[in-house]
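To start, the structure under review is shown below, and the notes come after it.
The values are calculated or read from the model by the stated rules, or taken from the named source; none is laboratory data. Quick caveat: nothing in here was measured; it's all calculated off a predicted structure. Using ideal geometry, Cβ is built from the backbone for each residue, glycine included, and neighbour counts are taken over all protein chains shown. Just so you know, the surface numbers come from the protein's heavy atoms only, side chains and all, with ligands and any DNA or RNA stripped out. Shrake-Rupley method; radii C 1.70, N 1.55, O 1.52, S 1.80 Å.
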Number of protein chains: 2
Amino acid sequence: MRASNYLFSTLRDTPTDAVVTSHQLMVRAGMIRQISKGLYTWLPTGVKVFRKVERIVREEMQKAGALEVIMPGVQPAELWQESGRWQKYGPELLRLIDRHGRDYCLGPTHEEVITELARNELTSYKQLPVNFFQIQTKFRDEVRPRFGVMRSREFCMKDAYSFHISPESLQETYEVMHKAYCNVFDRIGLDYRPVLADTGSIGGAYSHEFHVLADSGEDDIAFSDESDFAANVELAEAVTPKEKASPATQDMTEVFTPDCKTIQKVAEFLKLDVTQTVKTMLVKGIDENEESTIVALVLRGDHNINELKVEKLKGIVAPFEFASEEDIFNKIGCAPGSIGPQGLKEKGIRIIVDRSAAVMSDFCAGANKDDYHVTGLNWDRDCPDFEVADLRNVVEGDPSPDGKGHIVIKRGIEVGHIFQLGQQYAEALKATVLDENGKAQIMHMGCYGIGVSRIVAAAIEQNFDDKGILWPESIAPFSVAIVAMNYDKSEAVRAECERLYTELSAKGIDVLLDDRKERPGVKFADCELLGIPHRLVVGDKGLANGTLEYKHRSKGENQDIAQADALEFIVKQRA
Amino acid sequence: MRASNYLFSTLRDTPTDAVVTSHQLMVRAGMIRQISKGLYTWLPTGVKVFRKVERIVREEMQKAGALEVIMPGVQPAELWQESGRWQKYGPELLRLIDRHGRDYCLGPTHEEVITELARNELTSYKQLPVNFFQIQTKFRDEVRPRFGVMRSREFCMKDAYSFHISPESLQETYEVMHKAYCNVFDRIGLDYRPVLADTGSIGGAYSHEFHVLADSGEDDIAFSDESDFAANVELAEAVTPKEKASPATQDMTEVFTPDCKTIQKVAEFLKLDVTQTVKTMLVKGIDENEESTIVALVLRGDHNINELKVEKLKGIVAPFEFASEEDIFNKIGCAPGSIGPQGLKEKGIRIIVDRSAAVMSDFCAGANKDDYHVTGLNWDRDCPDFEVADLRNVVEGDPSPDGKGHIVIKRGIEVGHIFQLGQQYAEALKATVLDENGKAQIMHMGCYGIGVSRIVAAAIEQNFDDKGILWPESIAPFSVAIVAMNYDKSEAVRAECERLYTELSAKGIDVLLDDRKERPGVKFADCELLGIPHRLVVGDKGLANGTLEYKHRSKGENQDIAQADALEFIVKQRA
């Protein structure tokens, strides 16, 4: 591509309405323009990157044996009524009415349409397993679209849906797709983690999210520094410490702690480390007779409660709810901040202690009396009757649940999600096939999504500097920029530029020849903003010595290379 | 692709709801399925063809220098209000309201969005000309969607929009795009014609449609048998005949023609050829004083009036309207079927004679008296005062308007349309750039559409037989089918199939290996229905002699080829 025939649309200033880096840089680099809240036009530079991502995704899906389909964006309400989601989906589902008064929606996802297809086209177990994918525009009427194409209303997804005769077959394809997703992100060249995830509202049993690691990510990812283990922080298990509680060395002592409303204040006041304190929270529970009750949860002072984990425990009300201050006062006689585990059992309160809190000794807790705490508390001696469970979020340094290494926590941007849906949709839409015995069986389903447009933004969040984007080679809008100095005046420069342009292009390399009548500074700035990995500067001075100037966008300094070696050099740099 | 991993979804019977061949075959070949009126899912075989068409279109657009963008499908009402089309577009524009109560539409076309982009991004004549294209899903809420993807509600278009500082620059890009469109259809391998077209409701000055010739087409295309000339029948000029009217040899005679209500009846009754008769029609006109009047139009008996041509004449009411029977009776004293040109001038009626009728002599016309006609009529002698104009549709055998060859008329399917829009949208949206003198100038626009999904259907309408589709090599879902006989039982067959599959695939050829446990008849039928151009049959009998059986889908008979030569043979056949 010759710059003189191209649309740059680069901006020097950061757009005021863009908060995150990728949004700012995509606007500045002339990749996208908003035409309405959450609706974007992709400009040529954006499309070039987008198509490269799309291509990698398509190729990996094909390699994984998935068959490409294209489903309509506009979907009939009837199918969503059959699955029950017409009522359940909420206002993100943009509903519309056609000229004949029939109800439709703009598809945010395609479980219903594909299941309708499967129930019509798949009749025998012999056709299974089969996996359909599409790369298609979706619409989600976000209440607050933001972060550019990261959370836009119209966006491009690769979604795939697999159909199976058994959970075992589903598991096999799930693993194939897990690998295919890894291949996609490996090929693009992103630092990512497949993390064990919650299945959320889409339903199903087993699921992984694929996160690109970046400081601006919305999710906290816990992963091992020595193994493949990775999970959403909420889902990562905080394992039982190896050590046991040490024997008591102190007496339990009540101390006056005026105005100490937080754990930090208490620890400061008593000159203790926060790790020597526990916090005790009372939450709503249900006893064996199905009656409302109160349960005490005890965590180490520096740990945070994990509501998802607590809710899964038997006898706890879900959604998670704290006991009221009134109930606490009636039961214990103090405010919520002054509770300690000792003596609660005697008041008929069930006690569940977090695994890490359960191995403490000589620790500090509330005294069940306002403005007082106790120190020198020991489980065996002072409060022996309790259950132990995993109640907290993992923190950095925790042992990894798979026994290998320790937990590191980083922020991640979700760019992919794979699910074992099981039979939920197939059951609702009665999608059956005949099994080996000629008996109708409801199929098992997997579903697999990748945010194609979101990957573009996530790649930038992970790869930028103060001058612009640092594209991985695989998805750069152009691989090589030839920056011509004095292109319009120097015949020698023009000739060399044309040679390089023609010969590099002939090798299938995506080259931008900057032949514009602009100052070198403008050309360099655009080149850096656009994140083109390789830059060749062609000027009369160098040509006099038979050299060109080469610079990689992110690695190394300017260097002179011989004209004669330029092609070979570039090919080598790109490898 | 191995057939055992593929979804065929072929049907033996013609679906009852499909009227046209392409719709029937696309359903039968497992290319599409309707999920709601005018909304289709493309199945794997359909997608394979679709992507090949899309790729050719994209490559030719890039070669033509167009830059790819992606505009949103959901468009804000404000832009359509600015252009005035929010009111004008009618119910094909599907309007919708988002969760915040704002108005949007599902884009049937993107003039507004691209013009909004252009007015923001283009500021100087130096950036022009520039041409943007996208390949994108569009929505048109057709009142009666039909013919499968030929006239569906959701469909894929390549639309391009060019911007210019002058009409001359627009003309240049228009010609480049005209050529690019020809390249697309040439590469696909379709019999098509670029035809001069009416600009219709989209506005603008100059336009060509690209039609794929097929008996099932909705439009009549007139083209020359010796040149490139082609036009919609309505737009093709019926040129002035070279011959002049012969001198009169008969007297004008009034004859009684009872019950002859049509030209055919009159000719039969009088034993004349229809070409020796004229028909005279009275239509509404306006005279120089802007007052309503009646105008007589005279055509040869076998010719048909062209309302578009008539409406463009000065003094004729548009839209075209016949005079009422009452007005005719009051003015002439007879019914509409008995009018003749003679004597009308004397009654103050303007007479316009079609070019072909004006060179007739000794002809027959109505006698301006019910149940009577005249024969032996001659212009010079009996009705000398008239104007001559092109009033009729061309017919086969007419001389081509470009002077080369004669007119042939065939039916065509419109698959592309290019327009010179001029300044209509740029003016409405105030899209200006600064010219060389720093003065703001409204840009000139071209727009260029190709129906990507429609091309798939049109290619079938032009290429099928009673067994199924006959794909051109360029867009066939698979280029080669390897049909294995006894695949599961014969080790030799399996080995040879695998060899062929691997080696052909390695050459970048799209191969289907039919390894299913099906009867040969089923495999052959699927192969023919899908229209795979090249078929290799691998069986034990042939292998014993070192041969395979080759058959081209549409050319030639079965032939045995040597195993050793198979690769080279196939490569040669495909070239």
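General remarks:
- Among the criteria (1) part of a strand (DSSP E or B); (2) without any contact (Cβ under 8 Å) to a residue 12 or more places away in the chain, the one B:Val522 does not fulfil is (1).
- Annotation note: of A:Leu500, A:Leu512, the sole residue that is assigned to a strand (DSSP E or B), closer than 30 Å to A:Arg55 by Cα, open to solvent by less than 10 Å² (accessible area, probe 1.4 Å) and not assigned by the TED database to the domain that holds A:Gln127 is A:Leu512.
- Checklist (1) surrounded by 18 or more Cβ atoms within 10 Å (Cβ to Cβ); (2) at the interface with chain B (Cβ under 8 Å from one of its Cβ atoms) applied to A:Asn5, failing item: (1)
- Those residues of the stretch B:548-567 which are of a type outside the set (A, V, I, L, M, F, W, C) and open to solvent by 30 Å² or more (accessible area, probe 1.4 Å), in sequence order: B:Glu549, B:Lys551, B:Ser554, B:Lys555, B:Gly556, B:Glu557, B:Asn558, B:Gln559, B:Asp560, B:Gln563, B:Asp565
- Checked against the criterion of being at pLDDT below 95 and closer than 27 Å to A:Glu154 by Cβ, the stretch A:448-464 has no qualifying residue.
- Taken over the stretch A:398-416, residues that are touching a helix residue (DSSP H, G or I) at 6+ places or on another chain (Cβ under 9 Å) and surrounded by fewer than 23 Cβ atoms within 10 Å (Cβ to Cβ) amount to 1.
- Single condition B:Ala426 does not satisfy, out of (1) under 26 Å from the mean Cα position of the chain (by Cα); (2) within 30 Å of B:Ser453 (Cα to Cα): (1)
- Residue ID - farthest from the other protein chains (Cβ to nearest Cβ), chosen from residues in the stretch B:94-126 that are out of contact with any helix residue (DSSP H, G or I) (no Cβ under 6 Å at 6 or more places or on another chain), closer than 20 Å to B:Tyr448 by Cα and touching a residue at least 40 places away in the same chain (Cβ under 8 Å): B:Thr109
Here's the yes/no breakdown for (1) open to solvent by less than 50 Å² (accessible area, probe 1.4 Å); (2) of a type outside the set (Gly, Ala, Ser); (3) farther than 24 Å from A:Gln127 by Cβ:
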{"position": "B:Ala481", "(1), (2), (3)": "yes, no, no"}
{"position": "B:Arg494", "(1), (2), (3)": "no, yes, no"}
{"position": "B:Ala544", "(1), (2), (3)": "no, no, yes"}
{"position": "B:Phe569", "(1), (2), (3)": "yes, yes, yes"}
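- Scan of the stretch A:59-79 for residues that are under 26 Å from A:Glu172 (Cβ atoms), more than 9 Å from every other protein chain (Cβ to nearest Cβ), open to solvent by less than 20 Å² (accessible area, probe 1.4 Å) and over 22 Å from the mean Cα position of the chain (by Cα), ordered by number: A:Ala66
- Considering residues of the stretch B:80-113 that are part of a helix (DSSP H, G or I) and open to solvent by less than 10 Å² (accessible area, probe 1.4 Å) only, the residue farthest from A:Arg144 (Cα to Cα): B:Glu111
- Output for the stretch A:546-575, where each listed residue is farther than 25 Å from A:Asp465 by Cα and free of Cβ contacts under 8 Å to residues at least 12 places away in the same chain: A:Asp565, A:Glu568
- Count - residues of the stretch B:25-47 that are more than 9 Å from chain A (Cβ to nearest Cβ) and surrounded by fewer than 22 Cβ atoms within 10 Å (Cβ to Cβ): 2
- Restricted to strands (runs of 3 or more DSSP E) entirely inside the stretch A:206-286, those with at least 2 residues that are crowded, with 22+ Cβ neighbours inside 10 Å are A:206-213, A:219-224, A:230-232, A:278-286.
- Test: A:Ile56 is in contact (Cβ under 8 Å) with a residue 12 or more places away in the chain, hydrophobic (A, V, I, L, M, F, W, C), facing chain B (nearest Cβ under 10 Å) and in a helix (DSSP H, G or I): no
- Scanning the stretch B:515-542 for residues that are open to solvent by 10 Å² or more (accessible area, probe 1.4 Å) and either touching a Phe, Trp or Tyr at 6+ places or on another chain (Cβ under 6 Å) or among the hydroxyl-bearing types (Ser, Thr, Tyr) (or both) yields one hit, B:Asp515.
- Pairs, first outside the structural domain of A:Ala506 (by the TED database) and within 24 Å of A:Arg146 (Cα to Cα) in the stretch A:1-23, second assigned to a loop (DSSP other than H, G, I, E, B) and open to solvent by 20 Å² or more (accessible area, probe 1.4 Å), C-beta under 6 Å, six or more apart: A:Val20/A:Phe147; A:Val20/A:Ser216; A:His23/A:Phe147
- Per-region count, the stretch B:59-77, residues touching a residue at least 24 places away in the same chain (Cβ under 8 Å) and in a helix (DSSP H, G or I): 4
- For B:Thr21: the one exception among (1) under 20 Å from A:Met71 (Cα atoms); (2) away from chain A (no Cβ under 11 Å): (1)
- Selection count, the stretch B:343-378, where residues are closer than 21 Å to B:Gly315 by Cβ, open to solvent by 10 Å² or more (accessible area, probe 1.4 Å) and assigned to a helix (DSSP H, G or I): 4
- Selection status of A:Leu313, in a loop (DSSP other than H, G, I, E, B) and open to solvent by 30 Å² or more (accessible area, probe 1.4 Å): yes
- All positions within the stretch B:40-99 that are over 30 Å from B:His178 (Cβ atoms), touching an Asp or Glu at 6+ places or on another chain (Cβ under 7 Å) and among the hydrophobic types (A, V, I, L, M, F, W, C): B:Val74, B:Ala77, B:Leu94, B:Ile97
- Residue within the stretch A:128-143 that is more than 14 Å from chain B (Cβ to nearest Cβ), in contact with a helix residue (DSSP H, G or I) (Cβ under 7 Å, 6 or more places away or on another chain) and in a loop (DSSP other than H, G, I, E, B) present: no
- Scanning the stretch B:546-575 for residues that are in a loop (DSSP other than H, G, I, E, B), touching an Asp or Glu at 6+ places or on another chain (Cβ under 9 Å) and at pLDDT 95 or above turns up just one, B:Arg553.
- Residue check for A:Met150: open to solvent by less than 10 Å² (accessible area, probe 1.4 Å), under 29 Å from A:Ala222 (Cα atoms) and touching a Gly at 6+ places or on another chain (Cβ under 9 Å): no
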